[in-house]
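Enquirer: To start, I am sharing the structure in question, which I have written as structure tokens.
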Amino acid sequence: MSLYNIGKRVLYRGFPNKSSMPIRHYKVLSIETSCDDTCIALLEKNDSKAPPKIIDQVKSTLNSVATGGIIPTDALRFHQTTLASLIETLLKKHNCRPDLICCTRGPGMAGSLSAGLQLSKGLAVAWGVPLIGVHHMLGHILVATLPKSEQPDLTAPQYPFLSLLCSGGHTMLVLSKSITDHEIIANTADIAVGDSLDKCARELGLKGVMLGRELESYVNSIKQSTIQKFDTMETKESNLNSFKYKLGLPLKGPRREKYPKDIVFAFAGFLSSIQSYKKDKGGLNVVLDQETREFISYKLQEHVFDHIIDRMNLAFTKHGSNKRKYEHADGKFLGVKDLIFSGGVASNQRLREKLATRLQFQDNDGEVTDLNLHFPDLSLCTDNAVMIGVAGIEIFESLRIKSDLGVCPIPKWPMDSLLDVEGWVNVTPEEYNQVIQNK
Ligand code: AMP
Ligand code: ZN
């Protein structure tokens with residue numbers, strides 16, 4: 001029997017109503033080790049209706065500059081050497097023993113995930129507290145329920161809402177109808193946007209970790225007068241600019257149907273465009289002069305983000321609810337008022353600017369609706385443990401389930417089968433009260 005059925009059958013039996021219940025200040029340790037960042041956070045929940053408070057968070061990242069990419073065994077070893085002592089220091093600093101542990105269970109690299117999950121199980125046994133194995137992407141979504149420093153008046157998103165998740169490993173537009181009901185509206189057909197930006201930046205000679213962020217800084221350092229000149233040059237054909245660089249928007253060729261059956265993103269072509277250019281200029285090791293690097297960097301970043309906007313607007317016209325304006329619209333997005341942007345790439349200011357000004361969302365009155373756009377704080381966009389704690393707390397409080405101690409990492413875990421995996425068990429009322437209720 002799937003856990004979902006178990007959950008549905010006994011859910012809420014014997015539990016007080018969540019919103020009316022006085023809750024004690026309970027503390028949560030959260031751990032995120034899905035890739036190359038060792039992240040931990042300590043959260044506190046002291047109000048059943050308010051989001052958790054962040055007490056502290058720490059992040060340490062594997063340095064992969066020398067290897068030019070993340071080697072999974074290096075990432076595993078990094079977590080093994082780093083995680084336990086980071087936790088010890090954090091708990092000593094705050095002199096506390098948490099009441100709940102939330103840890104990323106997937107998707108991600110098997111070894112990296114298992115480093116965090118195994119330690120979490122050990123702590124759950126030692127402290128006698130529940131463990132919640134969290135879906136990483138649910139964390140990226142639910143982090144938008146925390147207050148945002150640049151949007152202090154924006155209330156938390158309400159279901160149904162949309163999320164654009166753009167990170168090093170994923171690029172998805174997701175429709176969420178509840179904490180357990182997520183539909184992937186658009187996915188990437190090849191590589192993720194962050195992966196593409198990282199690889200392109202490396203081809204352009206940039207160095208460091210988080211090369212997408214390095215590319216943003218590099219583009220920001222270009223003189224305004226040079227940008228104005230670049231803006232007058234097209235790249236659709238190589239003879240339209242003096243650099244002879246060709247770059248168009250992916251998937252813009254003629255289509256037989258008005259809307260493709262599946263809306264996809266495609267980011268691999270951006271890397272090929274740079275590689276072909278370098279090959280034409282003498283080979284992959286050719287060193288490009290500064291102006292050429294600036295031109296390609298600028299045009300590349302603009303096109304990558306324009307492609308995201310283009311695909312999202314296509315999804316809005318396909319699934320928007322405005323049947324009068326778009327005869328094919330299927331109304332799938334009916335009732336959507338909130339749109340979340342999360343994942344490392346969503347911290348890019350130029351992308352944020354474009355998203356805020358270029359998206360066109362239609363509602364069922366035939367008007368272009370202003371969606372509430374949610375931009376989580378920059379430090380909460382890239383991988384972090386706070387988001388895992390926020391999602392784990394929501395799973396624990398709303399669904400009243402936890403992970404059993406036999407759970408294993410799920411390196412490939414589709415968002416639309418959050419509960420449809422082994423390892424979820426119901427939390428008993430006694431266990432629940434022990435964590436959450438005033439004694
Ligand atoms: P995540 O997988 O969510 O931790 O995000 C990491 C990815 O986001 C990497 O590919 C980074 O290069 C990319 N990234 C982080 N910050 C930025 C930024 N400001 N602009 C573009 N990409 C970024
Ligand atoms: Zn992520």
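Enquirer: Mind listing whichever residues of region 159-180 are touching a strand residue (DSSP E or B) at 6+ places or on another chain (Cβ under 9 Å) and surrounded by fewer than 18 Cβ atoms within 10 Å (Cβ to Cβ)?
Expert: Tyr159, Lys177, listed by residue number.
Enquirer: Let me ask something additional. Could you tell me whether Pro147 is over 21 Å from Glu431 (Cα atoms), more than 16 Å from ligand 2 (Cβ to nearest atom) and open to solvent by less than 30 Å² (accessible area, probe 1.4 Å)?
Expert: Considered against the rule, which asks whether it is over 21 Å from Glu431 (Cα atoms), more than 16 Å from ligand 2 (Cβ to nearest atom) and open to solvent by less than 30 Å² (accessible area, probe 1.4 Å), Pro147 comes out as no.
Enquirer: Given the structure, is Ile31 touching a Leu at 6+ places or on another chain (Cβ under 9 Å) and open to solvent by 30 Å² or more (accessible area, probe 1.4 Å)?
Expert: It is false that Ile31 is touching a Leu at 6+ places or on another chain (Cβ under 9 Å) and open to solvent by 30 Å² or more (accessible area, probe 1.4 Å).
Enquirer: Taking region 181-201, which residues are open to solvent by 40 Å² or more (accessible area, probe 1.4 Å) and more than 22 Å from Phe267 (Cα to Cα)?
Expert: Asp181
Enquirer: I need the full set of residues from region 202-224 which are open to solvent by less than 20 Å² (accessible area, probe 1.4 Å) and free of Cβ contacts under 8 Å to residues at least 24 places away in the same chain, in order please.
Expert: Scanning region 202-224 gives a single hit, Leu211.
Enquirer: Evaluate the following for Ala156: is it surrounded by fewer than 18 Cβ atoms within 10 Å (Cβ to Cβ) and within 20 Å of Gly392 (Cα to Cα)?
Expert: Taking the combined requirement at face value, the residue satisfies it.
Enquirer: Right, next: Would you be able to say whether some residue in region 273-286 is more than 16 Å from ligand 2 (Cβ to nearest atom) and assigned to a strand (DSSP E or B)?
Expert: no
Enquirer: Would region 235-253 turn up any residue that is within 14 Å of Ala201 (Cα to Cα) and not in a loop (DSSP other than H, G, I, E, B)?
Expert: no
Enquirer: Follow-up question, since we're still on this one. Kindly indicate which of Ser321, Ser398, Ser347 is among the polar types (S, T, N, Q), at pLDDT 90 or above and either within 16 Å of ligand 1 (Cβ to nearest atom) or in the same structural domain as Gln275 (by TED's automatic domain parsing) (or both).
Expert: Answer to the selection: Ser347.
Enquirer: Residue under question is Val209, and the condition is that it be under 30 Å from the mean Cα position of the chain (by Cα), within 16 Å of ligand 2 (Cβ to nearest atom) and more than 18 Å from Leu284 (Cα to Cα); does it hold?
Expert: The answer is yes for Val209.
Enquirer: On to the next question. For region 185-203, give me each residue that is of a type in the set (Val, Ile, Thr) and either at pLDDT below 95 or within 15 Å of ligand 2 (Cβ to nearest atom) (or both).
Expert: Hits for region 185-203 are Thr188, Ile191, Val193.
Enquirer: List the number of the failed condition for Val174; all other conditions in (1) out of contact with any His (no Cβ under 7 Å at 6 or more places or on another chain); (2) within 16 Å of ligand 1 (Cβ to nearest atom) hold.
Expert: (1)
The values are calculated or read from the model by the stated rules, or taken from the named source; none is laboratory data. Just so you know, these numbers come straight off a predicted model, no measurement behind them. Quick reminder, even Gly has a Cβ in these numbers, built from the backbone with ideal geometry, and neighbours come from all protein chains shown. Please note that ligands, DNA and RNA were not included when accessible areas were found on the heavy atoms of the full protein model with its side chains. Shrake-Rupley method; radii C 1.70, N 1.55, O 1.52, S 1.80 Å.
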